[in-house]
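See structure below.
What follows is calculated from the coordinates using simple rules that are stated; it is not laboratory data. As the structure is a computational prediction, the values presented were derived from the model and not from experiment. All Cβ positions, even for glycine, are placed from backbone atoms using ideal geometry, and neighbour counts span all protein chains on display.
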Amino acid sequence: MCIPITEQENPRTAEIDQLPTLEAIHLINEEDKTVALAVERVLPEIAETIDEIVERVQLGGRLFYVGTGTSGRLGVLDASEIPPTFGVSYDLVQGVIAGGYDALYKAAEASEDDKEAGAEDLKKRGLNAKDAVIGIAASGRTPYTIGAVEFARSLGCFTACITCVPNSEITRAVESAIVPIVGAEVIAGSSRMKAGTAQKMILNMISTAAMIRLGYVKGNRMTNVKSSNVKLKERSVRILMLETDLNEAAAHKLLNEANGDLRVAIVMHKANVNRETAENSLAKNEFVIERAIEQTSI
């Protein structure tokens, strides 16, 4: 029997159950250090995937993450953090997990064996040829996720995968395969550990770099952040002060005039326009601040 890397036993941790707590977590930490190096080796594939996603989104497409268990949860997590961070629609990046959102907090692993369900769940989201779909499967052999990417590819979507097993079934089902080889887990088969860490790192890279390329970041600042709570409003004020050289009181006043929308406040100040003009310009320019400023400053 050919055992996938993610299911193999790790000889370095064979006696971890006999170790004192400090030594056990030191061993876990040593294994975790290898993950970033594994991700580094697949940076070209990650970059190619990001460029394809950006092209799709610029043409009106969306990005879907599909997975089961830990992989599915990580996809939903990354997707859910994009709107408040970058001020985009909740429809733009979507996480699809086998078993539905109940699977986020309780096991629904049996649902991963249903290949047709992966396609059906994407049909329910109105998937079309403009979209991009990333299948996340540590083992590379999850039927639900493979069914989803095969269906997506049949429609003409851009398809990619994140897996930790080379030459696995899912790598043959997509156009772009991202395969960080992290090796056997500390606890055999527990792919929530190193494999999950690698997946999280790669998802962070994909979504963040895509949003940067799409114009939702200025410098290294979250200039499209939504001021939806006290912490984010304070962050918005700090960014506004840095972007405009206004003092704190003036920045607070301007943000209030902009109805708490940092993007609108920046355009109002830099283009010297009222809120309505700033809002209209942002809408026309897909909410990208730099283009909105250029438009209203002419």
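Quick notes on this one:
- Note on region 103-164 and region 185-199: Cα centroid distance 20 Å, given to the nearest whole angstrom.
- Mean Cβ neighbour count within 10 Å, used as a protection proxy, ranking 65-75, 186-196 highest first: 65-75, 186-196
- The structure-derived value of volume of the Cα convex hull per residue in Å³ appears in the list [x] 140; [y] 119; [z] 156 under the label [z].
- Residues in region 6-47 that a label on ASN167 would reach, taking backbone N under 16 Å of a point 7 Å out along Cα→Cβ: 6
- Residue-span extension gain [GLU40 to THR244] - 0.36 nm each, minus C-alpha spacing: 69.8 nm
- Cα-centre dipole for the chain with unit charges at Cβ (Lys and Arg positive, Asp and Glu negative), debye to 20: 960 debye
- Across region 199-236, the residues whose backbone nitrogen lies under 18 Å from the label position 7 Å along the beta-carbon direction of LEU77 are 199-209.
- Radius 12 Å from Cβ of ILE53, net charge of other residues (Lys, Arg +1; Asp, Glu -1): -2
- Counting charges near ILE212 (Lys, Arg +1; Asp, Glu -1) among other residues having Cβ under 14 Å from its Cβ returns a value of +1.
- Among beta bridges identified by DSSP and lying wholly in the chain, the antiparallel ones come to about 10 percent.
- Measuring between their Cα centroids, region 259-294 and region 41-92 lie 25 Å from each other.
- Tensor-based shape of region 72-151 (alpha-carbon gyration tensor, a/c under 1.5 rounded, otherwise prolate or oblate): oblate
- Surrounding net charge for VAL93, when Lys and Arg each add one and Asp and Glu each subtract one, Cβ distance under 13 Å: -1
- Sorted peptide list for 138-150, 227-239, criterion being average Cβ within 10 angstrom, highest first: 138-150, 227-239
- Taking Cα atoms only, the orientation of helix 230-244 departs from the longest principal axis of the chain by about 60 degrees.
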